[in-house]
Amino acid sequence: MKKAFHLLGFLSLVLSLIFSSCGPSKKLLESEAKVDKLQKDNARTFSLLNDCNTQVKILTDDKTSLKNENALIQDNLKSLSTESKMTIADQAKRLKNFQNMIQAQKDVMNKLKSSIADALMNYKTDELSVYIKDGNVYVSLEEKLLFKSGSDIVDPKGKEALKTLANVLNSTKDVTVMIEGHTDNVPIKTKLFKDNWDLSTARATSILRILTTDYGFDSNRITASGRGQFHPVKTNETAEGRASNRRTEIILSPDLNELYKLLYQ
């Protein structure tokens, strides 16, 4: 019994030694833990390094893209600058041409005004007047020179004035003519004219026919209209004012086709 007990104790000791030698030691476990930690740190560091490399590549690509965009912008700026300079130069040239054409038109109209004034110098100031307004030449003929009261038939003296005017106009190119009839505000109603509109229009038309049919002015360059009593130049409260309002205006305008072409080309 005693031997068996000793044998059992011996076996227990042997088994204990065997198990203690087979199991990991404390140092081994600590080493394994350190290795595991180092592996995890290494994997994390490697991951961070990859992220950094990716960011560096993105930044490099962005820098290249920005460089290319900047070069493109610089090229566009140079191109725009060149075009702008050309546009400014063209505009300056166009403006100069425009100013020259306007001045030429002014010169033509001033010369025309002088020629008409000289040709009609024998008529009194209360019969007609010649002046420039808004770039146009106005020849304002009073009723007393052209018509009897309430009539649209031009008197012989008026025809002579129109003949003298036509001689100047026929020698002038690039000028259009508008004839406007005007009355005072005294109502009129006859068999021929229902009102002042009718009378002013008939008078303008009579002068148009004399200039074109009798004196050969170009019909394509002339227009007639009646404006009744609605555009007075003086008060209708006095006899003198009403006399001034009973007038026929022959308005000479420069041909603006070339100016329009220059403006809208």
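FYI, it's all coordinate maths here, none of it is from the lab. Everything numeric in this text was worked out from a predicted model, so none of it was measured. In this analysis, Cβ positions are derived from the backbone assuming ideal geometry, glycine residues included, and neighbour counts consider all displayed protein chains.
Tabulated results
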quantity	calculated
Region 113-265 shape via C-alpha gyration tensor axes, a/c threshold 1.5	prolate
Extension gain (nm, one decimal) between residue 234 and residue 131, 0.36 nm per residue minus Cα-Cα	35.4 nm
Listed peptides 160-170, 230-240 by packing density, highest first (mean Cβ within 10 Å)	160-170, 230-240
Cβ charges +1 (Lys, Arg) and -1 (Asp, Glu), total dipole of region 107-263, debye	300 debye
Length-normalised contact order of region 107-263 in % [C-alpha pairs under 8 Å, at least 6 apart]	29 percent
Total charge dipole magnitude, region 82-134, about the Cα centre, Cβ charges on Lys, Arg, Asp, Glu only, Debye to nearest 20	260 debye
Exposure proxy order (Cβ contacts within 10 Å, fewest to most) of 221, 44, 209, 203	44, 209, 221, 203
Label point distance in nm, residue 89-residue 118, each placed 7 Å from Cα along Cα→Cβ	4.4 nm
Alpha-carbon centroids, region 185-252 and region 89-141: separation in whole Å	23 Å
